[in-house]
Structures are given as C-alpha cells and as structure tokens.
Amino acid sequence: MKTPSKLNDRSSFSYPVSMSALPTSEGTAARSSSYLWAVGSTVAHHPTGSRIEGDRYEIMAPHVWVDRQPHHGPNSPEFFEDDVLAYLYLYPYRLHVPEVYGFCKDDKTGEDILLLENAPLTAAGELLPSLVRSWHGATAVRQAYWLWQMLELWMPFWKLNVASSLLSPENLHVEGWRLRVRELIQDQDPQIGRSIASVSKPSLGHLAQCWSLLLPDAKAAIAEPLQALCEQIQADAIGYPQVAVQLNRLLLEQSARLPLRLQVQGATDIGRRRSHNEDTCYPLTATGDPLHDDLTPRLTIVCDGIGGHDGGEVASQLAVQALQMQVRALLTEVAEEPDPVSPEVMAEQLAAIVRVVNNVIAAQNDAQDRAARRRMGTTLVMALQIPQRVKLPDGAIAANAHELYLVNVGDSRAYWITPEYCHQLTVDDDVAVREVRMGRAVRQESIARPDAGALTQALGTRDSEYLHPAVQRFVLEEDGMLLLCSDGLSDNDLVERSWSDYAERILRGKDSLESTVRSWLAYANEQNGHDNASIVLTYCHVSSSLSDIRVPIVPPAVDLQLTETAPVESVDVPVAKPRRSGLLLWFIVFLVLSGAVGLGVWYLVNPAQVRQVGERITNEVRDRIPDTFLKR
C-alpha cells in the first residue's frame, strides 16, 4: 500500500517506451560492500593490497576495489563532465551498464578516479567471462540474443557519444543471456585502445565489422544469415530499422524452436500492521478455489494501491480487471496476424493499453471530485508472454517465439531468477531514480534524500498525457523464474537478500511454486510486515520435453467477477491457422467497452458519466493505436 504523500506531484520526469532490458537491483544494503571498478589508466599501477584515500579503498586486484567505509558517502563533484553524465543518462540500461558510485582522490597523482558499481564482476570480485570467450560455447539463440542486445544499446550509446563501448571486444562481458559493458568508452577518445572506431564517429558499419569477427564461431543455424546481414550493413544497403527487422527475425526463428512451459502461482497478504489490503495481483492462486482462466499463465500482474481503503484498493482492483479485458483483445488480434508484430509496435500497443487504464481511474477521481493527495491510484508491474507464430526457414510454423513483455509504472518490481543470479528487470519511478536520470546526482547521493522513495508517477493520479510506462521485451531462452512483487516484498533489499534461499530449491524441483510463494510471503511479513505484500511467480521451462498440454489462442467471453483465482497451469501453444488482422478495429471497440464495463462494475455512476468516460476512452485509444497497425 502507498500513502498519497509518496507521490511527488512536482515531478514531470518521463520514461520513454524502451525495448531494452532495464536495470539490476536498486537496493542499498545488498550492494554497500560489493566490489567497485576503478576507471583510468593510472589505477593499474597501484599494488594489490594497498589502500587509497587513507584506509578507505582497498585494492583487491587491478581496477577492482572495495570501499571499507561504505557508511560514509563517496566523494562527488559539484558538476559532472560528459563522460560521467553518460552513465547517469543511461541509468535505465543498468542491466547492461555500470553505475557511478563516486570518486576517489589518487594519493600519488592528485587526480580524481571514477569508481563504478554494478560492474560485470562476480561475487568474488573477478570479471565475468568476456563475450568473445563465451561465444563459441553458446547456443544459436543465445548468440543471436547477445547481438540483439548490442543493437538495442547502439542508438542510446551513439547519441551519447559512447558507441565505441560496444566495439571493444575486451569491454563486453556476459552473465548468462545478459550482455554487460565493463565501462563506457568515449567516441574519438585517445584512450579508446583497440576500438574499431578510433578515428571517426562510430557507424553501424563498425558494429557489423565487430560482428564479423564472431562469424567463424557462430552456430550453423545463424552463421549464413548473420554473414549476409553484416555484408548488407557494411555496404550501406540497409539502415538501422532494416537491421533490427532482420536480426529480430533471426532471433525469433531460433527461440521459437525451443519448448516452452509456464507454471504460475500468485498470492497477496495484508501484512502485520495494515487493516486492509490495497494490493491486487493476478492470478490469485492461493485461495484454493481454482478458476480456469484463458489468460493464465501468460499474463501476470501486481498492483499496489494508493489512496487508502476507499481509493487504493479500488484503483488496484480496477486496474487488474481492465488490463485483463484489454489483454484478451490484444492476444486475439496477435493470434490473427500472419507475421510477428514488431517489438516497437507491440511496445506502443501495451503503453496505449496502460494509458487507457490510467484514464479510467483518473475519470473516477474526477467524477468523485478527488484532488491532489486524495486522488486514488496504483502502481503496476505486468508481464505478458505473447505467443507469436514464426515461419521457420524450412517453411514450418513455430507456435511461440518466447517473447516476454514487461510493463511497469511506480515501484512494483520484476525479477528474473535462476540458481546462479537474480536480475531486477524494472526500474522504480521514484525521486531517487529521477535525480540520477536527469544527471543531477549519483545514486549514492540520491538515495540519501528524505524523499528518495517518493513516487514520480502512478496509474490514475494524472491524465495519461503525463504517464510514461516503461515497456521492455525479453526472450525466454533459459529455465528460470519470473518474480513480480509489490514493495512489501522488495523493501529493504529483501529479494536481493533472500532469493537464493528459494530459487535453488524450486528450480531443482525440491519445492513447489505454491509452497515457495507461501514461505516467501511469510518471510516478507516477518521482515517487512509494515505493508501489504504480493507475489506472482512464473516458472519458465525451456530445456525439457513437454507433455501435450494445450489452450485455445482465441479467448472465450469476458468474466467480470471481482475475485480472481486460477490454478497452477502449464501451457504449450498450438499452431493456429494464419489469418489477416481486421486492422485492430475490434481491439479498439474492446478497449472502449472494457473501460465502460469496468466503471459500471466498480461505481454506481449515472449513465451520462459512463457515456462521457466511454467517449474519452474512445478518443484516447484512437490516438494511441500505432499507424503501423492501422495500415495493415
């Protein structure tokens, strides 16, 4: 549950719709004693075991330092140079990019040494394997996925003059499927070293040249099309949009060959100190009253209400209901498409859905004359596995390309967990994040603010014009567990401190999803019992043979019951006959109806108000539907 005071109405910080994976843990305690990466050519001259800045920083290895006094904030300049600002502006890409920890004064030279946290280092302080070293042993889908992540990082890096960071082989590391950059390298910098683009502004041709070096060890399934793509890029025959289309198709052709089974379990708890529960999650499987739902297990949602019992609880439940109806319509349209919808178009569509839900809640606030801190709202984290069909090179049709989309607003979170690691996939919408992203403070400074945790946006508190949901796409290509949760679980770095206790047992088949959810919620109440807590866990299997479990792609009629329950389910998507879309007109109609029905369910408003809200939603949807859909 959030109180209205957690919203910072002065903030207009905006998140762009992004297809790139987002950050790792934003926790403080879990990372206070982690290893730091020291940047610069002079730091390697300091002997291992020595200390700098008094006894504060101990040198464990070349460039690898530890802060022995983390309770004292690190030094930070009053103004940031461009090389430091690049790290701050790229904060949403923390899954790939290290963060500025602070600065240290070199005792010998008097120079300021830049220290990075969230660097590609193991728990023992060793560098993770390089991309080049790991390339040979990787599967075809993982090789394509690494290249896709490089391409997604290319444009934001290029705009900030750090694209050379992607062109130095020794600067790229991997952690499973995740591509990680050791440090940012300024373009046209004399310290670039072996960067291909050391003379001129980096171009896609330089990136293709870098990819070409990997071709000899590329798996046979992708080697030929990858070589053709590199040749087209280097000949200036295609630009970035065409490169993205071809590489995305290559990635999906490989991911679609894998099996996929999803199992889900969700539960919410009031906590030890609250009188009511303002969290809502979907599916809610812990009630013992199963309801077979066509959206389970593809769709998972956690909402954390804002505005008290008569507001936050209603807002979170209304959001979950409206999202279910609109996702049904979206999946119906996607099932009718003969070709995969691009990540960009899908992201725009999901953002449009969230904005419609936002305006449904905002309209209720207006109808009830709720103003300022009395306005109800909710956070949102939503995951949707969209089963797009893919035509393979041999002409066969694969039923599911393994795409997972995440949408988030506020501070409810998503994590990806395996026995080896736990990655936070979302970034919080709060003041601390805003200050870093705007280039005004490093993270260690921003989290020390009294209002660091104040939300900068939530569903329903303002018109959708001011709402900027973050949308990401991932590809499921390894066994793992997707965790969605409210801050009743994630507060105080509880996920970062406890994930390994639960992940290994469930991923090794020792515990069930149900028992894991129950025990994790109990632990959240013990550690963070001050708030409601919600957990939705999805177990994703891609490595084992599947039984013939099938569900229809085209959903049945909408059920408007207010209490959601669903069993733990598995799904293997069948191949559907391709049909041409009806230009998403039915999707538009469905969005309008869902908004009106949602209002009717939750409030006894008069017909004039309902018609007014319906007209408003209709106009919103027409404005938000991408032209690329309407032109099909």
* **Top-ranked residue in segment 235-256 [being of a type in the set (V, I, T) and more than 22 Å from R389 (Cβ to Cβ); ranked as surrounded by the most Cβ atoms within 10 Å (Cβ to Cβ)]** => V243
* Candidate set: segment 508-537, residues that are part of a loop (DSSP other than H, G, I, E, B) and over 23 Å from the mean Cα position of the chain (by Cα); chosen: the one surrounded by the fewest Cβ atoms within 10 Å (Cβ to Cβ) -> G509
* Asked: Residues in segment 229-249: is at least one among the charged types (D, E, K, R), assigned by TED's automatic domain parsing to the domain that holds L153 and either part of a helix (DSSP H, G or I) or touching a Pro at 6+ places or on another chain (Cβ under 6 Å) (or both)?
  -> yes
* Structure fact -> Cβ pairs under 7 Å, 6+ apart or interchain, first in segment 437-454 and part of a helix (DSSP H, G or I), second crowded, with 20+ Cβ neighbours inside 10 Å and modelled with pLDDT under 95, ordered by first then second residue, are Q444/P74
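Residue-by-condition table, conditions (1) within 23 Å of A458 (Cα to Cα); (2) within 15 Å of the chain's Cα centre (by Cα); (3) aliphatic (A, V, I, L, M):
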| residue | (1), (2), (3) |
| --- | --- |
| Q317 | yes, no, no |
| V356 | yes, no, yes |
| N359 | yes, no, no |
| Q368 | yes, no, no |
| N400 | no, no, no |
* Restricting attention to segment 68-96, report how many residues are in contact (Cβ under 8 Å) with a residue 40 or more places away in the chain and touching a Lys or Arg at 6+ places or on another chain (Cβ under 8 Å). => 6
* To do: Run down G271, G266, G288 and say which single residue is modelled with pLDDT of 95 or more and either over 26 Å from V345 (Cα atoms) or not assigned by TED's automatic domain parsing to the domain that holds A319 (or both).
  => G266
* To do: Could you check T300 against (1) closer than 22 Å to A533 by Cα; (2) out of contact with any strand residue (DSSP E or B) (no Cβ under 7 Å at 6 or more places or on another chain) and say which number it fails?
  => (2)
* Some residue of segment 455-477 being crowded, with 19+ Cβ neighbours inside 10 Å, acidic (D, E), outside any helix (DSSP H, G or I) and touching a Lys or Arg at 6+ places or on another chain (Cβ under 9 Å) -> yes
* Within the set of pairs 6 or more residues apart or between chains, which connect a residue that is farther than 15 Å from Q209 by Cα and assigned by TED's automatic domain parsing to the domain that holds I233 inside segment 148-159 to a residue that is surrounded by 21 or more Cβ atoms within 10 Å (Cβ to Cβ) and among the basic types (K, R) with Cβ atoms less than 6 Å apart? -> none
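The values are calculated or read from the model by the stated rules, or taken from the named source; none is laboratory data. Note that the coordinates shown come from a computational prediction; the quantities given were computed from them, not determined experimentally. Reconstructed Cβ throughout: ideal geometry from the backbone, glycine too, with neighbour counts over all protein chains shown.
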